Amino acid sequence: MNYPRNNWIIPGTFVVAFILTLLPMPAWALWLRPSWVLMVLIFWAMAEPETINVGIAWIIGIFLDVLEGTLLGEHALALSLVVYLVVRMYTRLRMFPLIQQGFSIFFLVLLYQFILFCTQGFIGNSPNSWLYWSSSLTSMLLWPWVYSIMRGRTDVKIV
Amino acid sequence: MIFLVLLSIGLMVLDYRVTALSQLRAALSMPLAPLQYIVSWPIQMVDNIVDTISTHDRLVRENLDLKTEVLRLKAQMQRLLAVELENNQLKSLTLSKNQLQGKVLIAALLAVATDPFINQVLVDKGTRDKLFVGQPVLDAYGVMGQVIQVGPLTSRVLLINDSHSGVPVQVVRNGIRAIATGDAYTRKLRLTNVTLTADIRVGDLLITSGLGDNFPEGYPVGQVQKIDKDPGLQFATITVEPAAHLDRSRGVLLVWPNNPALLDPKS
């Protein structure tokens with residue numbers, strides 16, 4: 001896709017996603033936080049698969065690990081695996097209507113959470129609450145809005 | 001792709017097993033610190049505004065309350081100073097190295113969320129203020145945790161209720177020693193490897209024992225909340241309510257122990 005675009009838009013959206021990830025939430029909403037960084041990554045991997053590749057996802061994941069204090073490489077592994085899938089099937093994802101896209105996002109975030117769940121399990125503090133998985137649900141519900149806002153604001157022409 | 005997967009798995013294993021990666025972590029935390037300040041700033045701002053517009057009456061009342069509190073604490077201090085002096089003298093007589101009191105620095109917590117798996121907090125002090133890894137962190141009510149990573153601008157504190165934290169404690173009433181480990185999900189502590197016959201009762205106060213050379217001796221850790229003695233198990237399950245306000249405190253105390261052995265954990 002060749003069109004004039006502000007170079008700061010991609011880093012800018014990631015900074016916003018990081019800020020949303022760090023924003024303190026009340027205790028009852030602890031597990032409901034959508035995976036903002038993953039959603040932004042999926043959007044860019046769909047929009048510009050030649051710019052946002054697996055390597056970028058890996059670096060973003062390392063930053064996320066440092067910010068969240070998790071094991072170094074944990075989020076990097078999960079993000080790069082999911083982005084790998086997205087880059088493989090971005091043409092199909094672009095064609096889906098928003099609802100169907102939302103369902104694909106649900107399964108992608110579920111995979112992401114599953115990888116995090118396994119790594120946490122290895123080091124012996126996997127969550128014992130089913131609410132852990134609710135994050136993929138909130139991500140799915142928010143996807144149409146994230147998608148529309150980002151497409152409107154960034155002038156990226158998908159489809 | 002396969003390369004990246006192997007790289008991340010390698011990193012994770014290294015990060016878990018070896019402490020060498022903490023250097024890399026500290027270096028990476030430097031460019032990311034502004035983000036954490038950006039998130040924390042508006043929240044602290046709102047608190048400041050609330051403080052500013054609180055009414056004159058309330059401030060006067062609060063001032064009075066604080067003055068009486070200071071008076072009361074000063075009276076207690078006078079007695080304490082004498083006791084502490086005597087205690088240190090006695091300890092130097094018995095050649096004990098765990099003397100009370102050292103340098104203290106007050107730090108503010110950054111209002112930043114971490115992964116729900118992890119009970120850690122960020123403080124706004126770093127290598128600039130000569131913090132060190134393993135430094136004990138207290139609040140007004142008891143032990144909060146220890147510093148596990150020092151960056152130039154921010155540092156990460158492992159709270160005592162994280163599942164990777166362990167604090168050597170002893171019961172005030174009879175001096176029984178144990179180790180209090182964190183239980184991340186109940187947000188409480190648990191005493192490990194305490195036999196069924198040990199004399200620990202509900203309501204017992206636990207203080208740091210100073211063993212293990214990580215936490216200074218004599219600070220409150222928590223109170224025994226529940227004891228579950230199942231004859232089928234080898235050890236009793238003892239739940240401890242932390243004394244420190246782990247999820248409410250905003251200001252914390254960083255302590256530099258007098259004991260030189262505590263300053264350098266590797267020695």
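Here are the numbers:
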| item | result |
| --- | --- |
| Out of B:Gly182, B:Gly175, B:Gly203, B:Gly126, sole residue that is under 15 Å from B:Asp247 (Cβ atoms) and at pLDDT 85 or above | B:Gly182 |
| Single residue of A:Glu68, A:Glu50 found to be open to solvent by 10 Å² or more (accessible area, probe 1.4 Å), closer than 29 Å to B:Ala111 by Cα and at pLDDT below 90 | A:Glu68 |
| Criterion: touching a helix residue (DSSP H, G or I) at 6+ places or on another chain (Cβ under 6 Å) and over 22 Å from B:Leu159 (Cα atoms) - qualifying residue of A:Val40, A:Val66 | A:Val40 |
| Qualifying position, being within 14 Å of another protein chain (Cβ to nearest Cβ) and not aromatic (Phe, Trp, Tyr), among B:Leu110, B:Leu191, B:Leu90, B:Leu138 | B:Leu110 |
| Residue check, B:Leu6 over 25 Å from the mean Cα position of the chain (by Cα) and within 11 Å of chain A (Cβ to nearest Cβ) | yes |
| Residue within segment B:201-210 that is of a type in the set (D, E, K, R) and under 18 Å from the mean Cα position of the chain (by Cα) present | no |
| Every residue from segment B:108-141 that is within 12 Å of the chain's Cα centre (by Cα), closer than 27 Å to A:Glu74 by Cα and either hydroxyl-bearing (Ser, Thr, Tyr) or part of a loop (DSSP other than H, G, I, E, B) (or both) | B:Asn119, B:Gly134, B:Gln135 |
| Qualifying residue in segment B:39-49 (condition: within 30 Å of A:Ala17 (Cα to Cα), within 11 Å of chain A (Cβ to nearest Cβ) and among the charged types (D, E, K, R)) | no |
| Some residue of segment A:42-53 being under 21 Å from B:Ala26 (Cα atoms) and not hydroxyl-bearing (Ser, Thr, Tyr) | no |
| Test result for B:Leu205, over 24 Å from A:Ser129 (Cβ atoms), open to solvent by 20 Å² or more (accessible area, probe 1.4 Å) and in contact (Cβ under 8 Å) with a residue 40 or more places away in the chain | no |
| Count - residues of segment A:54-102 that are within 13 Å of the chain's Cα centre (by Cα) and among the polar types (S, T, N, Q) | 1 |
| Single match in A:Glu50, A:Glu74 (criterion: charged (D, E, K, R) and facing chain B (nearest Cβ under 8 Å)) | A:Glu74 |
| Residue list for segment A:56-71, restricted to those being out of contact with any Ser or Thr (no Cβ under 6 Å at 6 or more places or on another chain), at the interface with chain B (Cβ under 7 Å from one of its Cβ atoms) and closer than 20 Å to A:Gly124 by Cα | A:Thr70, A:Leu71 |
| Residue among A:Ile59, A:Ile10 that is without any contact (Cβ under 8 Å) to a residue 60 or more places away in the chain, part of a helix (DSSP H, G or I) and open to solvent by 50 Å² or more (accessible area, probe 1.4 Å) | A:Ile59 |
| Matching residues, segment B:142-154, being within 13 Å of chain A (Cβ to nearest Cβ), outside any loop (DSSP other than H, G, I, E, B) and at pLDDT below 90 | B:Ile148, B:Gln149 |
| Condition met for B:Gln149 (touching a residue at least 60 places away in the same chain (Cβ under 8 Å), over 20 Å from B:Thr208 (Cα atoms) and open to solvent by less than 30 Å² (accessible area, probe 1.4 Å)) | yes |
| Test: residue in segment B:41-58 that is part of a helix (DSSP H, G or I), open to solvent by less than 100 Å² (accessible area, probe 1.4 Å) and of a type in the set (Phe, Trp, Tyr) | no |
| Selected residue (criterion: nearest to A:Val146 (Cα to Cα)) from residues of segment A:13-47 that are open to solvent by less than 30 Å² (accessible area, probe 1.4 Å) and over 13 Å from the mean Cα position of the chain (by Cα) | A:Ala47 |
| Only one of A:Ser129, A:Ser136, A:Ser80, A:Ser104 that is among the hydroxyl-bearing types (Ser, Thr, Tyr) and closer than 30 Å to B:Ala20 by Cα | A:Ser80 |
| Count of residues meeting criterion [exposed (fewer than 14 other Cβ atoms within 10 Å of the Cβ), within 14 Å of chain B (Cβ to nearest Cβ) and touching a residue at least 40 places away in the same chain (Cβ under 8 Å)] in segment A:77-130 | 1 |
| Any chance A:Glu74 is charged (D, E, K, R) and farther than 21 Å from A:Met150 by Cα | yes |
| Set B:Ser92, B:Ser54: member being at pLDDT below 85, hydroxyl-bearing (Ser, Thr, Tyr) and more than 22 Å from B:Val255 (Cβ to Cβ) | B:Ser54 |
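The values are calculated or read from the model by the stated rules, or taken from the named source; none is laboratory data. Everything numeric here is computed off the predicted structure, so don't read it as measured data. Note that we place each Cβ from the backbone using ideal geometry, even for glycine, and neighbour counts take in every protein chain shown. Accessible surface areas use protein heavy atoms only, side chains included; no ligands, DNA or RNA. Shrake-Rupley method; radii C 1.70, N 1.55, O 1.52, S 1.80 Å.
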